[in-house]
Amino acid sequence: MTSFEQGWLEEGWRHVWLPYAQMQTAPLPLAAVRTAGSKIHLADGRVLVDGIASWWTSCHGYNHPHIIAAVTAQLQDMPHVMFGGLGHEPAYRLATRLAKLMPGTLNRVFFSDSGSVAVEVAMKIAVQARLNRGERGRTKVLAFLGGYHGDTFGTMAICDPEEGMHSLFAGLLQEHPVIALPRDAPSIAAFELFLEEHAGNLAAIIVEPLVQGAGGMVFHAPEVLQRLRAAADHYGLTLIFDEIFTGFGRTGTMFAFEHAGVLPDIVTLSKALTGGTSPLAVTIATDELFAAFLSDSAGTALQHGPTFMANPLGCAAANAGLDLFETEPRLGQAAAISAQLSRELAPCRELPGVRDVRVLGAIGVVQLARIENPAALRMALVEKGVWVRPFRDILYLTPALTIAADELAVLTRAIFEVVAAA
Ligand SMILES: *Cc1c(COP(=O)(O)O)cnc(C)c1O
(Lines give C-alpha, C1' and ligand atoms only; values in the text may rest on other atoms or scores of the structure.)
Protein backbone atom coordinates (compact mmCIF):
# COMPACT_ATOMS: atom_id res chain seq x y z
CA MET A 1 0.00 0.00 0.00
CA THR A 2 0.92 3.59 -0.39
CA SER A 3 2.34 5.58 2.48
CA PHE A 4 0.69 8.78 3.54
CA GLU A 5 2.02 12.08 4.74
CA GLN A 6 -1.29 12.63 6.53
CA GLY A 7 -1.92 10.85 9.79
CA TRP A 8 -5.68 11.37 9.53
CA LEU A 9 -6.38 8.27 7.48
CA GLU A 10 -4.65 5.73 9.73
CA GLU A 11 -5.84 7.50 12.87
CA GLY A 12 -9.43 7.83 11.69
CA TRP A 13 -9.41 4.27 10.39
CA ARG A 14 -9.66 3.13 14.01
CA HIS A 15 -12.91 5.06 14.33
CA VAL A 16 -14.88 4.97 11.08
CA TRP A 17 -17.31 2.18 10.20
CA LEU A 18 -17.53 1.64 6.46
CA PRO A 19 -20.66 0.79 4.43
CA TYR A 20 -21.19 -2.83 3.37
CA ALA A 21 -17.68 -3.75 4.57
CA GLN A 22 -16.32 -6.57 6.68
CA MET A 23 -14.13 -4.34 8.83
CA GLN A 24 -11.85 -7.19 9.91
CA THR A 25 -10.55 -7.62 6.38
CA ALA A 26 -11.47 -4.37 4.61
CA PRO A 27 -8.41 -2.72 3.06
CA LEU A 28 -7.50 0.83 4.05
CA PRO A 29 -9.44 3.11 1.65
CA LEU A 30 -7.65 5.31 -0.86
CA ALA A 31 -7.26 8.87 0.44
CA ALA A 32 -9.17 11.23 -1.86
CA VAL A 33 -8.25 14.90 -1.61
CA ARG A 34 -9.80 16.61 -4.62
CA THR A 35 -12.22 16.05 -7.49
CA ALA A 36 -12.61 17.78 -10.85
CA GLY A 37 -14.73 16.77 -13.84
CA SER A 38 -14.44 12.98 -14.07
CA LYS A 39 -11.23 12.78 -12.04
CA ILE A 40 -10.53 11.87 -8.44
CA HIS A 41 -7.16 13.06 -7.08
CA LEU A 42 -5.55 10.90 -4.39
CA ALA A 43 -3.33 12.08 -1.54
CA ASP A 44 -0.34 10.23 -3.03
CA GLY A 45 -0.62 12.20 -6.28
CA ARG A 46 -2.35 9.56 -8.39
CA VAL A 47 -5.37 10.64 -10.42
CA LEU A 48 -8.20 8.19 -11.19
CA VAL A 49 -10.82 8.45 -13.93
CA ASP A 50 -14.14 7.90 -12.18
CA GLY A 51 -16.29 5.29 -13.91
CA ILE A 52 -19.24 5.31 -11.51
CA ALA A 53 -19.78 9.00 -10.67
CA SER A 54 -19.71 8.40 -6.92
CA TRP A 55 -22.58 5.94 -6.74
CA TRP A 56 -24.32 7.47 -9.80
CA THR A 57 -24.64 10.98 -8.39
CA SER A 58 -22.24 13.39 -10.11
CA CYS A 59 -23.98 13.49 -13.50
CA HIS A 60 -22.53 16.93 -14.41
CA GLY A 61 -19.00 15.92 -13.38
CA TYR A 62 -17.41 16.99 -10.11
CA ASN A 63 -17.07 20.65 -9.17
CA HIS A 64 -19.15 22.07 -12.00
CA PRO A 65 -18.60 25.86 -11.78
CA HIS A 66 -22.32 26.64 -12.18
CA ILE A 67 -23.24 24.42 -9.22
CA ILE A 68 -20.34 25.73 -7.13
CA ALA A 69 -21.46 29.32 -7.75
CA ALA A 70 -25.07 28.57 -6.82
CA VAL A 71 -24.18 26.67 -3.64
CA THR A 72 -21.58 29.25 -2.58
CA ALA A 73 -24.10 32.09 -2.95
CA GLN A 74 -26.69 30.09 -1.00
CA LEU A 75 -24.14 29.29 1.71
CA GLN A 76 -23.55 33.01 2.22
CA ASP A 77 -27.27 33.84 2.32
CA MET A 78 -28.76 30.98 4.31
CA PRO A 79 -27.21 27.50 4.62
CA HIS A 80 -30.29 26.07 6.24
CA VAL A 81 -33.61 27.01 7.74
CA MET A 82 -36.37 24.72 8.96
CA PHE A 83 -39.10 23.88 6.45
CA GLY A 84 -42.00 23.80 8.88
CA GLY A 85 -43.65 27.20 8.75
CA LEU A 86 -40.81 28.86 6.81
CA GLY A 87 -40.50 28.90 3.04
CA HIS A 88 -37.41 29.63 0.98
CA GLU A 89 -36.95 30.32 -2.68
CA PRO A 90 -34.56 27.46 -3.56
CA ALA A 91 -37.09 24.82 -2.44
CA TYR A 92 -40.22 26.51 -3.80
CA ARG A 93 -38.53 27.14 -7.12
CA LEU A 94 -37.23 23.57 -7.26
CA ALA A 95 -40.69 22.14 -6.50
CA THR A 96 -42.18 24.27 -9.28
CA ARG A 97 -39.51 23.19 -11.75
CA LEU A 98 -39.79 19.49 -10.89
CA ALA A 99 -43.57 19.62 -11.23
CA LYS A 100 -43.18 21.27 -14.66
CA LEU A 101 -40.66 18.62 -15.68
CA MET A 102 -43.00 15.80 -14.65
CA PRO A 103 -45.82 14.97 -17.07
CA GLY A 104 -49.44 14.43 -16.09
CA THR A 105 -50.57 15.44 -12.64
CA LEU A 106 -47.31 14.61 -10.85
CA ASN A 107 -47.36 18.01 -9.20
CA ARG A 108 -46.71 17.62 -5.45
CA VAL A 109 -43.14 17.48 -4.17
CA PHE A 110 -42.19 16.24 -0.69
CA PHE A 111 -38.54 16.85 0.26
CA SER A 112 -36.29 14.58 2.27
CA ASP A 113 -32.60 13.92 2.72
CA SER A 114 -31.96 10.46 1.32
CA GLY A 115 -33.31 8.06 -1.24
CA SER A 116 -34.38 5.53 1.38
CA VAL A 117 -36.47 8.13 3.16
CA ALA A 118 -38.00 9.29 -0.14
CA VAL A 119 -39.13 5.68 -0.73
CA GLU A 120 -40.47 5.38 2.84
CA VAL A 121 -42.49 8.56 2.22
CA ALA A 122 -43.81 7.11 -1.05
CA MET A 123 -44.98 3.99 0.82
CA LYS A 124 -46.52 6.11 3.55
CA ILE A 125 -48.39 8.27 1.02
CA ALA A 126 -49.76 5.21 -0.78
CA VAL A 127 -50.95 3.56 2.44
CA GLN A 128 -52.21 6.68 4.22
CA ALA A 129 -54.14 7.89 1.16
CA ARG A 130 -56.27 4.72 1.47
CA LEU A 131 -56.66 5.04 5.23
CA ASN A 132 -57.73 8.67 4.76
CA ARG A 133 -60.41 7.48 2.33
CA GLY A 134 -61.60 4.94 4.88
CA GLU A 135 -60.18 1.91 3.06
CA ARG A 136 -58.66 -0.35 5.73
CA GLY A 137 -56.50 -3.41 5.31
CA ARG A 138 -54.65 -2.39 2.16
CA THR A 139 -51.17 -1.90 3.60
CA LYS A 140 -48.93 -4.13 1.51
CA VAL A 141 -46.57 -2.99 -1.22
CA LEU A 142 -45.83 -5.41 -4.06
CA ALA A 143 -42.13 -5.36 -4.94
CA PHE A 144 -39.87 -7.41 -7.20
CA LEU A 145 -37.01 -9.88 -6.91
CA GLY A 146 -33.69 -8.19 -7.67
CA GLY A 147 -35.04 -4.81 -6.57
CA TYR A 148 -33.31 -2.32 -4.30
CA HIS A 149 -35.04 0.60 -2.62
CA GLY A 150 -32.85 1.49 0.35
CA ASP A 151 -31.33 0.36 3.63
CA THR A 152 -33.82 1.51 6.27
CA PHE A 153 -36.02 -1.18 7.80
CA GLY A 154 -39.06 0.04 5.87
CA THR A 155 -37.27 -0.13 2.54
CA MET A 156 -35.35 -3.34 3.29
CA ALA A 157 -38.75 -5.02 3.46
CA ILE A 158 -39.39 -4.20 -0.22
CA CYS A 159 -35.88 -5.04 -1.44
CA ASP A 160 -34.97 -8.39 -2.91
CA PRO A 161 -35.26 -10.79 0.07
CA GLU A 162 -31.55 -11.62 -0.03
CA GLU A 163 -30.39 -8.02 -0.56
CA GLY A 164 -32.79 -6.84 2.16
CA MET A 165 -31.66 -9.62 4.56
CA HIS A 166 -35.26 -10.71 5.07
CA SER A 167 -34.36 -13.97 6.83
CA LEU A 168 -31.74 -12.41 9.16
CA PHE A 169 -34.22 -9.77 10.30
CA ALA A 170 -37.34 -11.91 10.14
CA GLY A 171 -39.86 -10.77 12.71
CA LEU A 172 -38.53 -7.23 12.71
CA LEU A 173 -39.25 -6.38 9.09
CA GLN A 174 -42.69 -5.59 7.73
CA GLU A 175 -43.86 -8.35 5.41
CA HIS A 176 -44.46 -7.31 1.84
CA PRO A 177 -44.79 -9.62 -1.14
CA VAL A 178 -41.72 -9.75 -3.38
CA ILE A 179 -42.25 -11.68 -6.64
CA ALA A 180 -40.65 -12.02 -10.08
CA LEU A 181 -40.98 -9.08 -12.48
CA PRO A 182 -43.58 -9.97 -15.13
CA ARG A 183 -41.11 -10.19 -18.02
CA ASP A 184 -41.86 -13.53 -19.72
CA ALA A 185 -44.82 -15.89 -20.03
CA PRO A 186 -44.38 -17.81 -16.73
CA SER A 187 -43.63 -14.68 -14.64
CA ILE A 188 -46.53 -12.82 -16.27
CA ALA A 189 -48.88 -15.68 -15.40
CA ALA A 190 -47.57 -15.76 -11.80
CA PHE A 191 -47.92 -11.98 -11.51
CA GLU A 192 -51.51 -12.05 -12.73
CA LEU A 193 -52.42 -14.94 -10.47
CA PHE A 194 -50.83 -13.17 -7.50
CA LEU A 195 -52.89 -10.04 -8.10
CA GLU A 196 -56.11 -11.98 -8.54
CA GLU A 197 -55.58 -13.56 -5.14
CA HIS A 198 -53.96 -10.74 -3.15
CA ALA A 199 -54.73 -7.36 -4.72
CA GLY A 200 -57.21 -6.73 -1.92
CA ASN A 201 -54.31 -6.42 0.58
CA LEU A 202 -52.21 -4.18 -1.62
CA ALA A 203 -51.81 -0.42 -1.53
CA ALA A 204 -49.07 -0.11 -4.14
CA ILE A 205 -46.64 -1.63 -6.60
CA ILE A 206 -43.04 -0.36 -6.56
CA VAL A 207 -40.39 -0.87 -9.24
CA GLU A 208 -37.11 0.59 -10.42
CA PRO A 209 -38.12 1.40 -14.01
CA LEU A 210 -36.00 -0.27 -16.74
CA VAL A 211 -32.94 -0.99 -14.58
CA GLN A 212 -32.60 -2.76 -11.27
CA GLY A 213 -29.43 -0.94 -10.26
CA ALA A 214 -28.01 -2.19 -6.97
CA GLY A 215 -29.46 -5.62 -7.78
CA GLY A 216 -26.84 -6.04 -10.51
CA MET A 217 -27.74 -3.58 -13.30
CA VAL A 218 -30.41 -5.90 -14.70
CA PHE A 219 -32.48 -4.37 -17.50
CA HIS A 220 -36.10 -5.04 -18.40
CA ALA A 221 -38.21 -3.98 -21.38
CA PRO A 222 -40.52 -0.94 -21.32
CA GLU A 223 -43.45 -3.36 -21.83
CA VAL A 224 -42.95 -4.51 -18.22
CA LEU A 225 -43.80 -1.01 -17.02
CA GLN A 226 -46.83 -0.89 -19.30
CA ARG A 227 -48.01 -4.16 -17.78
CA LEU A 228 -47.55 -2.82 -14.26
CA ARG A 229 -49.49 0.33 -15.15
CA ALA A 230 -52.35 -1.71 -16.60
CA ALA A 231 -52.46 -3.95 -13.51
CA ALA A 232 -52.34 -0.95 -11.15
CA ASP A 233 -55.25 0.64 -13.03
CA HIS A 234 -57.24 -2.59 -13.06
CA TYR A 235 -56.89 -3.19 -9.31
CA GLY A 236 -56.82 0.44 -8.20
CA LEU A 237 -53.22 0.33 -6.91
CA THR A 238 -50.73 3.17 -6.53
CA LEU A 239 -47.82 2.69 -8.93
CA ILE A 240 -44.47 3.91 -7.59
CA PHE A 241 -41.48 4.33 -9.90
CA ASP A 242 -38.27 4.53 -7.90
CA GLU A 243 -36.13 6.63 -10.29
CA ILE A 244 -33.45 7.31 -7.68
CA PHE A 245 -30.86 5.62 -9.91
CA THR A 246 -32.46 6.01 -13.36
CA GLY A 247 -33.56 9.65 -13.13
CA PHE A 248 -31.77 12.59 -14.78
CA GLY A 249 -30.64 11.15 -18.08
CA ARG A 250 -28.99 7.92 -16.97
CA THR A 251 -31.06 5.71 -19.30
CA GLY A 252 -30.85 8.19 -22.20
CA THR A 253 -34.11 10.03 -21.47
CA MET A 254 -34.58 12.47 -18.61
CA PHE A 255 -36.58 9.81 -16.74
CA ALA A 256 -36.73 6.08 -17.45
CA PHE A 257 -40.54 5.99 -17.61
CA GLU A 258 -40.40 8.06 -20.81
CA HIS A 259 -39.20 4.91 -22.64
CA ALA A 260 -42.48 3.20 -21.79
CA GLY A 261 -44.91 6.05 -22.33
CA VAL A 262 -46.63 5.36 -19.01
CA LEU A 263 -46.74 7.45 -15.86
CA PRO A 264 -46.53 6.37 -12.24
CA ASP A 265 -48.61 7.85 -9.42
CA ILE A 266 -45.49 8.55 -7.37
CA VAL A 267 -41.87 9.10 -8.43
CA THR A 268 -38.87 9.09 -6.11
CA LEU A 269 -35.69 10.95 -7.09
CA SER A 270 -32.34 11.48 -5.38
CA LYS A 271 -28.79 10.45 -6.40
CA ALA A 272 -28.18 12.79 -9.41
CA LEU A 273 -30.72 15.37 -8.19
CA THR A 274 -28.03 17.69 -6.79
CA GLY A 275 -25.43 16.59 -9.33
CA GLY A 276 -23.77 14.67 -6.50
CA THR A 277 -23.21 17.82 -4.46
CA SER A 278 -25.20 17.15 -1.32
CA PRO A 279 -27.86 14.80 0.01
CA LEU A 280 -31.38 15.63 -1.13
CA ALA A 281 -34.33 13.52 -2.24
CA VAL A 282 -37.89 14.08 -3.37
CA THR A 283 -41.10 12.10 -3.50
CA ILE A 284 -43.41 13.47 -6.20
CA ALA A 285 -47.09 12.50 -6.08
CA THR A 286 -50.10 13.15 -8.28
CA ASP A 287 -52.77 15.74 -7.52
CA GLU A 288 -55.18 12.84 -6.98
CA LEU A 289 -53.07 11.31 -4.19
CA PHE A 290 -52.48 14.72 -2.65
CA ALA A 291 -56.24 15.33 -2.58
CA ALA A 292 -56.68 12.29 -0.33
CA PHE A 293 -54.82 14.17 2.43
CA LEU A 294 -57.12 17.22 2.34
CA SER A 295 -59.87 17.46 4.93
CA ASP A 296 -61.06 19.54 7.89
CA SER A 297 -59.04 17.32 10.23
CA ALA A 298 -55.34 17.46 11.13
CA GLY A 299 -55.54 13.68 11.36
CA THR A 300 -55.39 13.18 7.60
CA ALA A 301 -52.20 15.26 7.15
CA LEU A 302 -49.09 13.48 5.89
CA GLN A 303 -47.14 12.67 9.04
CA HIS A 304 -43.53 13.07 8.02
CA GLY A 305 -40.89 15.80 8.36
CA PRO A 306 -37.13 15.22 8.27
CA THR A 307 -35.20 17.91 10.18
CA PHE A 308 -33.07 18.83 7.19
CA MET A 309 -35.82 18.49 4.57
CA ALA A 310 -35.49 20.87 1.61
CA ASN A 311 -32.04 21.97 2.77
CA PRO A 312 -31.39 25.22 0.87
CA LEU A 313 -27.84 24.22 -0.15
CA GLY A 314 -29.14 21.00 -1.69
CA CYS A 315 -32.02 22.80 -3.37
CA ALA A 316 -29.64 25.42 -4.78
CA ALA A 317 -27.45 22.63 -6.17
CA ALA A 318 -30.51 20.89 -7.64
CA ASN A 319 -31.77 24.08 -9.30
CA ALA A 320 -28.30 24.65 -10.76
CA GLY A 321 -28.31 21.03 -11.98
CA LEU A 322 -31.66 21.56 -13.71
CA ASP A 323 -30.21 24.72 -15.33
CA LEU A 324 -27.42 22.55 -16.74
CA PHE A 325 -29.90 20.08 -18.24
CA GLU A 326 -31.34 23.11 -20.08
CA THR A 327 -28.09 24.83 -21.08
CA GLU A 328 -25.74 21.90 -21.72
CA PRO A 329 -26.52 18.95 -24.00
CA ARG A 330 -26.80 16.24 -21.32
CA LEU A 331 -29.10 13.85 -23.21
CA GLY A 332 -26.93 14.17 -26.32
CA GLN A 333 -23.92 13.36 -24.16
CA ALA A 334 -25.75 10.33 -22.74
CA ALA A 335 -26.41 9.13 -26.30
CA ALA A 336 -22.75 9.56 -27.24
CA ILE A 337 -21.65 7.68 -24.10
CA SER A 338 -24.13 4.92 -24.96
CA ALA A 339 -22.70 4.50 -28.47
CA GLN A 340 -19.12 4.52 -27.19
CA LEU A 341 -19.90 1.99 -24.42
CA SER A 342 -21.57 -0.32 -26.95
CA ARG A 343 -18.60 -0.08 -29.31
CA GLU A 344 -15.81 -0.34 -26.76
CA LEU A 345 -17.28 -2.95 -24.40
CA ALA A 346 -18.35 -5.28 -27.24
CA PRO A 347 -14.89 -6.96 -27.49
CA CYS A 348 -15.36 -8.15 -23.86
CA ARG A 349 -17.98 -10.59 -25.23
CA GLU A 350 -15.16 -12.70 -26.72
CA LEU A 351 -13.29 -13.01 -23.42
CA PRO A 352 -13.49 -16.24 -21.41
CA GLY A 353 -15.67 -15.99 -18.32
CA VAL A 354 -17.87 -13.22 -19.71
CA ARG A 355 -21.56 -14.06 -19.55
CA ASP A 356 -23.09 -10.88 -20.88
CA VAL A 357 -22.27 -7.38 -22.08
CA ARG A 358 -25.14 -4.91 -22.06
CA VAL A 359 -25.64 -1.19 -22.50
CA LEU A 360 -28.62 1.04 -21.84
CA GLY A 361 -28.21 4.80 -22.02
CA ALA A 362 -25.11 5.78 -20.08
CA ILE A 363 -24.91 2.41 -18.31
CA GLY A 364 -22.45 -0.22 -19.51
CA VAL A 365 -22.27 -3.64 -17.87
CA VAL A 366 -19.87 -6.57 -18.24
CA GLN A 367 -21.26 -9.58 -16.41
CA LEU A 368 -18.90 -12.43 -15.55
CA ALA A 369 -19.62 -16.02 -14.60
CA ARG A 370 -18.44 -14.97 -11.14
CA ILE A 371 -16.15 -12.51 -9.39
CA GLU A 372 -14.06 -14.27 -6.75
CA ASN A 373 -12.45 -11.23 -5.18
CA PRO A 374 -14.08 -7.88 -5.96
CA ALA A 375 -11.56 -5.96 -3.80
CA ALA A 376 -8.58 -7.40 -5.70
CA LEU A 377 -10.27 -6.60 -9.01
CA ARG A 378 -10.91 -3.06 -7.81
CA MET A 379 -7.23 -2.61 -6.95
CA ALA A 380 -6.21 -3.98 -10.37
CA LEU A 381 -8.44 -1.30 -11.88
CA VAL A 382 -6.87 1.39 -9.67
CA GLU A 383 -3.46 0.28 -10.98
CA LYS A 384 -4.81 1.12 -14.44
CA GLY A 385 -5.83 4.59 -13.27
CA VAL A 386 -9.59 4.07 -12.99
CA TRP A 387 -12.14 4.05 -10.18
CA VAL A 388 -14.63 1.25 -10.79
CA ARG A 389 -16.30 -0.88 -8.12
CA PRO A 390 -17.11 -4.44 -9.21
CA PHE A 391 -19.93 -6.02 -7.23
CA ARG A 392 -21.87 -9.26 -7.38
CA ASP A 393 -20.87 -10.70 -10.77
CA ILE A 394 -20.55 -7.42 -12.68
CA LEU A 395 -18.19 -4.64 -13.66
CA TYR A 396 -20.16 -1.60 -14.71
CA LEU A 397 -19.69 1.97 -15.88
CA THR A 398 -22.08 4.82 -15.04
CA PRO A 399 -19.81 7.79 -15.69
CA ALA A 400 -20.65 11.47 -15.38
CA LEU A 401 -22.65 12.47 -18.47
CA THR A 402 -19.95 15.09 -19.10
CA ILE A 403 -17.11 12.58 -19.35
CA ALA A 404 -14.74 13.16 -22.29
CA ALA A 405 -14.49 10.45 -24.96
CA ASP A 406 -10.80 9.84 -24.21
CA GLU A 407 -11.54 9.44 -20.47
CA LEU A 408 -14.32 6.96 -21.24
CA ALA A 409 -11.90 5.08 -23.50
CA VAL A 410 -9.49 4.74 -20.55
CA LEU A 411 -12.33 3.17 -18.53
CA THR A 412 -13.48 0.70 -21.20
CA ARG A 413 -9.88 -0.31 -21.96
CA ALA A 414 -9.15 -0.90 -18.26
CA ILE A 415 -12.22 -3.13 -17.96
CA PHE A 416 -11.24 -5.13 -21.04
CA GLU A 417 -7.70 -5.60 -19.73
CA VAL A 418 -8.63 -6.71 -16.20
CA VAL A 419 -11.28 -9.11 -17.48
CA ALA A 420 -8.81 -10.50 -20.03
CA ALA A 421 -6.22 -10.98 -17.26
CA ALA A 422 -8.67 -12.55 -14.79
C1 LIG B 1 -29.59 4.32 -3.96
C2 LIG B 1 -30.99 3.94 -4.11
C3 LIG B 1 -31.91 4.08 -3.06
C4 LIG B 1 -31.52 4.54 -1.68
O5 LIG B 1 -31.01 5.83 -1.65
P6 LIG B 1 -30.12 6.31 -0.40
O7 LIG B 1 -29.89 7.76 -0.65
O8 LIG B 1 -28.87 5.50 -0.43
O9 LIG B 1 -30.93 6.06 0.83
C10 LIG B 1 -33.23 3.75 -3.31
N11 LIG B 1 -33.63 3.31 -4.51
C12 LIG B 1 -32.79 3.17 -5.54
C13 LIG B 1 -33.29 2.70 -6.86
C14 LIG B 1 -31.43 3.46 -5.38
O15 LIG B 1 -30.57 3.28 -6.39
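The values are calculated or read from the model by the stated rules, or taken from the named source; none is laboratory data. Keep in mind it's a predicted model, so treat the numbers as computed, not measured. FYI the Cβ positions are ideal-geometry reconstructions off the backbone, even for glycines, and counts take in every protein chain you see. These area figures cover heavy atoms from the full protein model, side chains too; ligands, DNA and RNA do not enter into them. Shrake-Rupley method; radii C 1.70, N 1.55, O 1.52, S 1.80 Å.
Report the percentage of all Cα-Cα pairs in the range 293-382 whose separation exceeds 17 Å, rounded to a whole percent.
Values: 2926 of 4005 pairs.
Tail fraction, whole percent: 73.
Which value, to two decimals, describes the C-alpha radius of gyration of the range 1-83 once divided by 2.2 N^0.38 Å? Provide the component values of the computation, followed by the final result.
Working: Rg = 16.3 Å, N = 83, 2.2 N^0.38 = 11.8 Å.
Normalised by 2.2 N^0.38 Å, the Cα Rg of the range 1-83 equals 1.38.
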* Hey, what do the phi angles of the range 208-220 turn into as Karplus ³J(HN,Hα) couplings, whole Hz, using 6.51/-1.76/1.60 and θ = phi - 60°, x for Gly and Pro? -> 7, x, 6, 9, 8, x, 5, x, x, 6, 9, 9, 9
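Given a cut-off of 16 Å, what percent of all Cα-Cα pairs of the range 124-199 lie beyond it? Could you put the intermediate results ahead of the total?
Values: 1598 of 2850 pairs.
Here the tail beyond 16 Å accounts for 56 percent of pairs.
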* Using a Gaussian network model of the chain whose springs link C-alpha atoms within less than 10 Å, name the residue from 156, 379, 217 with the highest mean-square fluctuation. => 379
* How high is the relative contact order of the chain, given as a whole-number percent (alpha carbon pairs under 8 Å, six or more residues apart)? -> 21
* Asked: Taking the chain as a Gaussian network, Cα atoms linked when under 10 Å apart, which of 347, 161, 19 shows the biggest mean-square fluctuation?
  -> 19
* To do: May I ask you to list the GluC sites (Glu not before Pro) in the range 348-390 that are in a DSSP loop and have at most 10 other Cβ atoms within 10 Å of their Cβ?
  => 372
* Asked: Under a GNM of the chain (C-alpha, springs under 10 Å), which listed residue has the highest mean-square fluctuation: 61, 115, 353?
  -> 353
* **Rounded Å value of the spacing that divides the Cα centres of the range 159-203 and the range 255-277** => 23
* To do: Take the Cα atoms of the range 232-338, find their three principal axes, and give me the spread along each one in whole Å, biggest first.
  => 51, 38, 19
* **the range 331-397: trypsin sites (Lys or Arg not before Pro) falling in loop per DSSP and having at most 12 other Cβ within 10 Å** => 370
* Quote to one decimal, in nm, the extra length available between residue 405 and residue 73 on full extension: 0.36 nm per residue of separation minus the C-alpha distance between them. => 116.3 nm
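Keeping every protein chain present and rolling a 1.4 Å probe, give me the accessible area per residue for the range 340-422 in Å². If you can, show how the numbers build up before the last one.
Numbers: 3560 Å² over 83 residues.
So the range 340-422 comes to 43 Å² accessible per residue, rounded to a whole number.
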* Please report, as a whole percent, how much of the solvent-accessible surface of the range 154-242 comes from carbon and sulfur atoms (probe radius 1.4 Å). => 55
* Between the DSSP loop rule and a limit of at most 15 other Cβ atoms within 10 Å, which trypsin sites (Lys or Arg not before Pro) in the range 1-71 are left? -> 14, 46
* Structure fact -> Long-range alpha-carbon pairs in the chain, meaning those over 39 Å apart, account in percent for 20
* Where a Cα-Cα gap under 23 Å defines reach, which lysines qualify for residue 271, not counting those fewer than 8 residues away within the same chain? -> 39, 100, 124
